[in-house]
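Only one structure is covered here, and it is reproduced in the block below.
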Amino acid sequence: MSARPLIAPSIIAADPARLAEAARLAESAGADWLHLDIMDGRFVPNITFGPATVAALARVTSLPLDVHLMVVEPARWVQPFAEAGARVLTVHAEADAHLQRTLASVRAAGCLAGLALNPSTPETAVEYLWDDLDLVLVMTVNPGFSGQAFLPSMLRKIERLRARAEALGWPGRIEVDGGVDLARAPACRRAGADVFVAGSAVYGSPDPAAAVAALKAALA
Ligand code: DX5
Ligand code: ZN
């Protein structure tokens, strides 16, 4: 069985000129984590922000910072983002030929270690890494932009990961990211996800705090 569901608003969907406000809003609305999408214009066709912005956000919120690295050569960025205040640090399976080493370095830096899978990457990419992982992130859109449509075929991937995690007695979390809203989140929960990233479903809403509350209620 998956653990208590956690809501992680993604500030990629907030006004980039008001990120501090977006972080405070998530916290006061009862969110569990703050999801921070780091894009380098190479692994994905978009650029967001870097460690200095993460460090600035760490100063304005006490929410655990859930840092999702969509960058090439993620190993180079483990230390800078750990020092910036990441609590969870997730790297992409497709971005690194030496994942076990990189994930071990994430834990050595004091963070929880996450592995993200693009939609086309099979769940078997995790198979020899379970012991090095605290979290698996299932991308339910192709990474790069918020506001894209959820890919329903990813529900099967979540189910397979959850089944494997239970067979192994793995204690970590399965996170779902991309196009997750009030309509999609319950199916992800039933499939076995227990961390729910929501960008446009929260910050694209006229009342982001109410959107967080509605997601919590729908998953309770
Ligand atoms: C996609 C990012 C996501 C996403 C969240 O590359 O990793 O965190 O943008 O935004 P929504 O919920 O709008 O898809
Ligand atoms: Zn993300």
Failed criterion for VAL180 (all others in (1) assigned to a helix (DSSP H, G or I); (2) within 16 Å of ILE11 (Cα to Cα); (3) of a type in the set (Val, Ile, Thr) hold): (1)
Qualifying residues in segment 186-216 (those that are under 14 Å from ARG4 (Cβ atoms) and not basic (Lys, Arg)) - the one farthest from ligand 1 (Cβ to nearest atom): GLY192
Test set (1) of a type in the set (Val, Ile, Thr); (2) closer than 29 Å to LEU168 by Cβ; (3) touching a Lys or Arg at 6+ places or on another chain (Cβ under 9 Å) - VAL78 fails condition number: (3)
Qualifying residue in segment 162-172 (condition: among the hydrophobic types (A, V, I, L, M, F, W, C), more than 16 Å from ligand 2 (Cβ to nearest atom) and closer than 30 Å to ILE47 by Cβ): no
Filtered residue count, segment 111-170, keeping only those that are within 17 Å of ALA198 (Cβ to Cβ) and among the polar types (S, T, N, Q): 3
Scan of segment 129-186 for residues that are touching a Gly at 6+ places or on another chain (Cβ under 7 Å), without any contact (Cβ under 8 Å) to a residue 40 or more places away in the chain and of a type in the set (D, E, K, R), ordered by number: GLU159
Residues satisfying the stated conditions in segment 73-93, i.e. closer than 21 Å to VAL138 by Cβ and surrounded by fewer than 24 Cβ atoms within 10 Å (Cβ to Cβ): ARG87, ALA93
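Results for (1) more than 13 Å from ligand 2 (Cβ to nearest atom); (2) over 26 Å from LEU182 (Cα atoms); (3) surrounded by 19 or more Cβ atoms within 10 Å (Cβ to Cβ); (4) at pLDDT 95 or above, shown as yes or no for each residue.
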site: ALA22; (1), (2), (3), (4): yes, no, yes, yes
site: SER28; (1), (2), (3), (4): yes, no, no, yes
site: TRP33; (1), (2), (3), (4): no, no, yes, yes
site: ARG42; (1), (2), (3), (4): yes, yes, no, yes
site: ILE47; (1), (2), (3), (4): yes, yes, no, yes
site: HIS68; (1), (2), (3), (4): no, no, yes, yes
In segment 73-114, the residues that are within 16 Å of ligand 1 (Cβ to nearest atom) and in contact with a His (Cβ under 8 Å, 6 or more places away or on another chain): PRO74, THR90, GLY114
Of all residues making up segment 95-144, the number that are within 16 Å of ligand 2 (Cβ to nearest atom) and of a type in the set (Phe, Trp, Tyr): 0
The listed residue being outside any loop (DSSP other than H, G, I, E, B), buried (at least 19 other Cβ atoms within 10 Å of the Cβ) and of a type in the set (D, E, K, R), out of ARG162, ARG156: ARG162
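The values are calculated or read from the model by the stated rules, or taken from the named source; none is laboratory data. These figures come from a predicted structure and were not determined experimentally. Here the Cβ is made from the backbone with ideal geometry for all residues, glycine too, and neighbour counts use every protein chain on show.
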